[in-house]
1. For Cα pairs less than 8 Å apart in space and 6+ apart in sequence, what is the mean separation divided by the residue count of the chain, i.e. the relative contact order in percent?
2. What order do you get for 278, 215 when you list them from fewest to most C-beta neighbours inside 10 Å?
3. List 94, 160, 320, 58 from most exposed to least, where exposure is judged by having the fewest other Cβ atoms within 10 Å.
4. Once the chain is represented by equal point scatterers at the alpha-carbon sites, with solvent omitted, what log10 I(q)/I(0) does the Debye formula produce at q = 0.07, 0.08, 0.16 Å⁻¹?
5. Rounded, prolate or oblate, given the Cα gyration tensor of the stretch 66-217, with a/c below 1.5 counting as rounded?
6. Provide, as a two-decimal number, the C-alpha radius of gyration of the stretch 92-135 over 2.2 N^0.38 Å, N being how many residues it has.
7. Let a ≥ b ≥ c be the square roots of the eigenvalues of the Cα gyration tensor of the stretch 52-147; is it rounded (a/c under 1.5), or, if not, prolate (a/b larger than b/c) or oblate?
8. What distance in nm separates the two pseudo spin-label positions at residue 320 and residue 110, each 7 Å out from Cα along the beta-carbon direction?
């Protein structure tokens, strides 16, 4: 079983839908659905990885409040190992309120909480060295950890034979993030931003050109998610587009986390990047059709079946279907 260590933001998401407006004054409105989920680029990715069959250890800072206890329970319910979560006494767990619009868009109201208090003492280097994959989620919101700890942590992982993956949390990353994270780029095997983040970081409209800026800073491969336009793989060879599935979007929360999880699992199965990216696309598509970051995905076989049934949309069937 692939072992993935996920480090980064652990957030409680509170989602309601559909929301077309916030009632004025003391007004109220009825909704159709509401959920509370484990989210964030570490916790959300951890849940999806566990659903897809990986062993997952999640590391992050949570508060000593009831939401922190709830977050631990939500992760454990999906089989994620939570013994490395760090509780900050008197601290608040990061929380996001998401009123989901009928078209799936998701404005946010966010309480940062203790996410940025993670330190080097909170990470077991031996655990990282033994893992197959280290996923560093959202270093752009981890405060000093991103610059003082993460570069050495990624270097240690790479030196131990652990594959390193990184994504971002903030939608508008900005050029300051590109420079801030410069020390860690040479130790990143796989960087998975979305198109808005990559354009914002580099100031470039052309995604391939923008991805090659990251490659020039030392990143091994950049896989850019582009929503309904699929994704773009930029590595050593020619760039390759991977189309998205056609679907009715309910909520886009957590689609990036699901994509990263599918990509990691596909690569650990020994598949080439374009094949793994299609598993990632299927995982993200399933999440987009439910409410919350843990919606849609059940397990690896059903995710592969979803892909196989719609293989014509992405130009390639799952490896098992190809062999069959």
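Every number in this text was worked out from the coordinates using simple rules, so none of it is lab data. The structure displayed is predicted, hence computed values, not measured ones. Reconstructed Cβ throughout: ideal geometry from the backbone, glycine too, with neighbour counts over all protein chains shown.
1. Details: 779 pairs, mean separation 52.6, N = 324.
Relative contact order, the chain: 16 percent.
2. Values: 278 29, 215 16.
The order, fewest Cβ neighbours first, is 215, 278.
3. Numbers: 94 28, 160 14, 320 11, 58 31.
Fewest-to-most ranking of 94, 160, 320, 58: 320, 160, 94, 58.
4. With no solvent term, the Cα-only Debye profile gives -0.25, -0.33, -1.42.
5. Numbers: a/c = 1.81, a/b = 1.11, b/c = 1.63.
Oblate, because a/c is 1.5 or more while a/b does not exceed b/c.
6. Details: Rg = 16.5 Å, N = 44, 2.2 N^0.38 = 9.3 Å.
The reported ratio for this selection is 1.78.
7. Numbers: a/c = 1.57, a/b = 1.35, b/c = 1.16.
Because a/c hits 1.5 or more and a/b exceeds b/c, the stretch 52-147 counts as prolate.
8. Between residue 320 and residue 110, the simple spin-label model gives 3.7 nm.
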